[in-house]
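Here is the structure we will look at.
The values are calculated or read from the model by the stated rules, or taken from the named source; none is laboratory data. Keep in mind that what you see is a predicted model, and the values were worked out from it rather than measured. Counting neighbours? That spans all protein chains shown, and the Cβs are built from the backbone with ideal geometry, glycine included. When the accessible area is computed, the model is the full protein with side chains, heavy atoms only, and any ligands, DNA or RNA have been set aside. Shrake-Rupley method; radii C 1.70, N 1.55, O 1.52, S 1.80 Å.
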Amino acid sequence: MCLAGGCNARRARPPMIALDELLARVNAAFGLHVSSFTALIEHQVAASRWRRLDTPEHIDDMGIIGLVDASAFLPEALAVVTDESYDKTVGAFAVHRDDLRAFAGAYRERNGVAMFNGDTLIVGIESKLIWMFHHEGVWTLFDGRRAAMAD
(Lines give C-alpha, C1' and ligand atoms only; values in the text may rest on other atoms or scores of the structure.)
Protein backbone atom coordinates (compact mmCIF):
# COMPACT_ATOMS: atom_id res chain seq x y z
CA MET A 1 0.00 0.00 0.00
CA CYS A 2 1.29 3.49 -0.82
CA LEU A 3 0.91 5.76 2.19
CA ALA A 4 2.72 8.87 3.35
CA GLY A 5 6.10 8.06 4.79
CA GLY A 6 7.08 5.38 2.32
CA CYS A 7 5.94 3.51 -0.72
CA ASN A 8 7.67 0.53 -2.16
CA ALA A 9 5.94 1.21 -5.48
CA ARG A 10 7.80 -1.49 -7.39
CA ARG A 11 6.47 -4.33 -5.23
CA ALA A 12 3.21 -3.22 -3.65
CA ARG A 13 0.11 -2.69 -5.74
CA PRO A 14 -1.86 0.26 -4.37
CA PRO A 15 -5.44 -0.29 -3.24
CA MET A 16 -8.12 0.03 -5.89
CA ILE A 17 -11.33 2.05 -6.12
CA ALA A 18 -14.19 0.83 -8.34
CA LEU A 19 -14.71 3.31 -11.20
CA ASP A 20 -18.48 3.56 -10.60
CA GLU A 21 -17.83 4.43 -6.95
CA LEU A 22 -15.18 6.99 -7.89
CA LEU A 23 -17.40 8.62 -10.52
CA ALA A 24 -20.23 8.90 -7.96
CA ARG A 25 -17.82 10.51 -5.47
CA VAL A 26 -16.54 12.95 -8.13
CA ASN A 27 -20.08 13.94 -9.12
CA ALA A 28 -21.09 14.48 -5.48
CA ALA A 29 -17.96 16.39 -4.43
CA PHE A 30 -17.73 18.55 -7.56
CA GLY A 31 -21.46 19.10 -8.10
CA LEU A 32 -21.28 17.45 -11.53
CA HIS A 33 -23.58 15.10 -13.41
CA VAL A 34 -21.16 13.40 -15.80
CA SER A 35 -21.84 9.83 -16.90
CA SER A 36 -18.21 8.83 -17.51
CA PHE A 37 -14.63 9.96 -17.10
CA THR A 38 -14.49 10.44 -20.88
CA ALA A 39 -17.37 12.93 -20.60
CA LEU A 40 -15.49 14.70 -17.82
CA ILE A 41 -12.36 15.01 -19.94
CA GLU A 42 -14.10 16.03 -23.14
CA HIS A 43 -16.93 18.28 -21.91
CA GLN A 44 -16.06 19.99 -18.63
CA VAL A 45 -13.04 22.04 -19.62
CA ALA A 46 -12.96 24.73 -22.30
CA ALA A 47 -10.55 24.01 -25.17
CA SER A 48 -8.57 27.15 -24.29
CA ARG A 49 -7.69 25.70 -20.85
CA TRP A 50 -5.79 22.69 -22.25
CA ARG A 51 -1.99 22.83 -22.64
CA ARG A 52 -0.18 20.88 -25.33
CA LEU A 53 2.97 18.86 -24.71
CA ASP A 54 5.87 20.33 -26.67
CA THR A 55 7.18 16.99 -27.93
CA PRO A 56 4.67 14.26 -26.98
CA GLU A 57 6.55 11.56 -28.88
CA HIS A 58 9.71 12.18 -26.82
CA ILE A 59 8.24 12.42 -23.34
CA ASP A 60 7.87 9.50 -20.95
CA ASP A 61 5.81 8.92 -17.80
CA MET A 62 8.32 10.73 -15.58
CA GLY A 63 8.33 13.73 -17.88
CA ILE A 64 4.55 13.92 -17.88
CA ILE A 65 4.16 13.35 -14.13
CA GLY A 66 6.55 16.27 -13.72
CA LEU A 67 3.80 18.50 -15.14
CA VAL A 68 1.55 17.64 -12.19
CA ASP A 69 1.88 20.09 -9.32
CA ALA A 70 1.24 17.55 -6.58
CA SER A 71 1.46 20.28 -3.95
CA ALA A 72 -1.77 21.76 -5.34
CA PHE A 73 -3.56 18.72 -3.90
CA LEU A 74 -4.17 18.33 -0.19
CA PRO A 75 -2.11 15.56 1.43
CA GLU A 76 -4.70 12.92 0.61
CA ALA A 77 -5.13 9.63 -1.21
CA LEU A 78 -5.56 10.46 -4.88
CA ALA A 79 -7.38 8.27 -7.38
CA VAL A 80 -5.38 7.62 -10.54
CA VAL A 81 -7.44 6.49 -13.53
CA THR A 82 -5.49 5.03 -16.46
CA ASP A 83 -6.50 2.88 -19.44
CA GLU A 84 -5.83 -0.20 -17.29
CA SER A 85 -8.41 1.04 -14.76
CA TYR A 86 -11.21 0.02 -17.12
CA ASP A 87 -10.38 -3.66 -16.64
CA LYS A 88 -13.12 -4.89 -14.26
CA THR A 89 -10.50 -6.36 -11.93
CA VAL A 90 -8.48 -3.15 -11.62
CA GLY A 91 -10.37 0.14 -11.12
CA ALA A 92 -8.68 3.38 -10.10
CA PHE A 93 -5.41 3.23 -8.19
CA ALA A 94 -5.42 4.86 -4.73
CA VAL A 95 -2.08 6.63 -4.29
CA HIS A 96 -1.14 9.15 -1.62
CA ARG A 97 -0.21 12.54 -3.07
CA ASP A 98 3.34 12.25 -1.72
CA ASP A 99 3.85 8.91 -3.50
CA LEU A 100 2.55 9.96 -6.92
CA ARG A 101 5.98 10.33 -8.52
CA ALA A 102 7.16 6.91 -7.26
CA PHE A 103 3.91 5.35 -8.49
CA ALA A 104 4.43 6.82 -11.98
CA GLY A 105 8.06 5.69 -12.00
CA ALA A 106 7.08 2.09 -11.28
CA TYR A 107 3.92 1.99 -13.40
CA ARG A 108 5.42 0.57 -16.62
CA GLU A 109 7.31 -2.15 -14.75
CA ARG A 110 4.24 -3.18 -12.79
CA ASN A 111 1.64 -2.91 -15.60
CA GLY A 112 3.65 -3.50 -18.77
CA VAL A 113 2.54 -0.23 -20.41
CA ALA A 114 3.14 3.47 -19.93
CA MET A 115 0.94 5.23 -17.39
CA PHE A 116 0.14 7.97 -19.90
CA ASN A 117 -0.58 5.72 -22.90
CA GLY A 118 -4.16 7.01 -23.06
CA ASP A 119 -6.46 9.28 -21.09
CA THR A 120 -5.27 9.57 -17.49
CA LEU A 121 -6.88 11.38 -14.56
CA ILE A 122 -5.48 12.17 -11.13
CA VAL A 123 -8.41 12.91 -8.83
CA GLY A 124 -8.27 14.62 -5.46
CA ILE A 125 -11.75 14.45 -3.94
CA GLU A 126 -10.87 16.47 -0.81
CA SER A 127 -8.87 18.97 -2.87
CA LYS A 128 -11.63 19.19 -5.51
CA LEU A 129 -8.97 19.04 -8.22
CA ILE A 130 -8.58 16.74 -11.20
CA TRP A 131 -5.43 16.74 -13.30
CA MET A 132 -6.30 15.36 -16.74
CA PHE A 133 -4.13 14.06 -19.56
CA HIS A 134 -5.81 13.48 -22.93
CA HIS A 135 -4.41 10.83 -25.27
CA GLU A 136 -3.91 13.52 -27.95
CA GLY A 137 -1.04 15.02 -25.92
CA VAL A 138 -2.83 17.79 -24.05
CA TRP A 139 -3.33 18.26 -20.29
CA THR A 140 -5.17 20.51 -17.86
CA LEU A 141 -6.11 20.97 -14.23
CA PHE A 142 -9.85 21.04 -13.49
CA ASP A 143 -10.59 23.08 -10.37
CA GLY A 144 -13.88 21.92 -8.89
CA ARG A 145 -13.79 24.72 -6.32
CA ARG A 146 -14.75 27.16 -9.08
CA ALA A 147 -17.71 27.06 -11.43
CA ALA A 148 -17.50 24.53 -14.25
CA MET A 149 -15.32 25.78 -17.08
CA ALA A 150 -17.30 24.25 -19.95
CA ASP A 151 -17.45 25.99 -23.32
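Brief remarks on what is shown
- Residue-averaged [θ]222 nm for the chain, counting only DSSP H segments that reach four residues, each worth -39500 (n - 2.57): -6500 deg cm²/dmol
- For F116, the amide hydrogen comes within under 5 Å of no other amide hydrogen, counting only partners 5 or more places away or on other chains and with H modelled in the peptide plane.
- When its C-alpha radius of gyration is set against 2.2 N^0.38 Å (N residues), the range 18-151 gives a value of 0.97.
- Largest-first ellipsoid semi-axes for the range 96-151, taking √(5λ) over the Cα gyration tensor eigenvalues, angstrom: 24, 15, 6
- Over the chain, relative contact order from alpha-carbon pairs under 8 Å, at least 6 apart, %: 31 percent
- Cα-based shape type of the range 32-81, given that a ≥ b ≥ c are square roots of the gyration tensor eigenvalues and the cut on a/c is 1.5: oblate
- Long-range amide H partners of F142 with built H, under 5 Å: I130, W131, M132
- Once the 1.4 Å probe is applied to the protein heavy atoms, the chain comes out at 51 Å² accessible per residue.
- Assigned charges on the beta-carbon of Lys, Arg, Asp, Glu; the chain dipole about Cα centre (debye): 340 debye
- Around N27: net Lys/Arg minus Asp/Glu count, Cβ-Cβ under 13 Å: 0
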